[in-house]
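Notes follow the structure.
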Amino acid sequence: MLDLSAKKCVPCNAKDLRPMTEEAAKDLITRVDGWNLIIDDGPMKLSRSWKVKSFTKGLELFKLVADVAEAEDHHPDLHLVGWNNVTIEIWTHSVGGLTENDFILAAKINAVDLHHLLRKKVAKVNP
């Protein structure tokens, strides 16, 4: 099975591009660590959230993701809520749901080193 991050997104205007089934999406979600499958009233989407060190670190994260998205010509929805809560949603708008492109982009985002932008988890100290 080819690593998703090694694949390339196909053009979204391809005539045979269709939204995948929920079953196919549930199979692929296991291959993109940290991402969640959103199934609600609207189209199926992928979603992932991070807490960044600062507002500007959130913007830096967006720039790194934008570079990947531009290279793939597949663009996610980027959300910066509050000063340090970043969420990315991915879905193929042109087909109204998920395609393999969305999972490829998620895998490529996972490959970007974001650790220097993220808040460190606070370890609990036992008394």
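Throughout, read-outs are computed from the coordinates displayed, never taken from laboratory work. If you're wondering where the values come from, they're calculated on a predicted model, not measured in any experiment. All Cβ positions, glycine included, derive from the backbone under ideal geometry; neighbour counts span all protein chains shown.
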Taking every other residue with Cβ under 13 Å from the Cβ of residue 105 and scoring Lys and Arg +1, Asp and Glu -1, one gets -2
Between residue 92 and residues 5 or more places away or on another chain, the pairs with built amide H atoms under 5 Å apart involve 97, 98, 99
Count of lysine pairs, segment 43-119, Cα-Cα under 20 Å, sep. 8 or more residues or interchain, comes to 6
Gyration tensor on Cα atoms of the chain, a ≥ b ≥ c root eigenvalues, a/c under 1.5 rounded, else prolate if a/b beats b/c, else oblate, says prolate
The helix 100-110 Cα axis meets the longest alpha-carbon principal axis of the chain at an angle in degrees, between 0 and 90 and rounded to 10, of 20
Proxy exposure order for 30, 21 (fewest C-beta within 10 Å first) is 30, 21
When the chain is treated as a Gaussian network with springs between alpha carbons less than 10 Å apart, the largest mean-square fluctuation among 43, 76, 19 is found at 43
Per-residue ellipticity at 222 nm attributable to helices in the chain (runs of n ≥ 4 DSSP H, -39500 (n - 2.57) apiece, nearest 500 deg cm²/dmol) works out to -9000 deg cm²/dmol
The simple spin-label model distance between residue 77 and residue 115, using points 7 Å out along Cα→Cβ, in nm, is 3.2
When 83, 91 are arranged by how many other beta-carbons sit within 10 Å of their Cβ, fewest first, they go 83, 91
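As an exercise, identify the chymotrypsin sites (Phe, Trp or Tyr not before Pro) in segment 1-65 lying in DSSP coil whose Cβ has no more than 15 other Cβ atoms within 10 Å.
Within segment 1-65, no chymotrypsin sites (Phe, Trp or Tyr not before Pro) qualify (loop, at most 15 other Cβ atoms within 10 Å).
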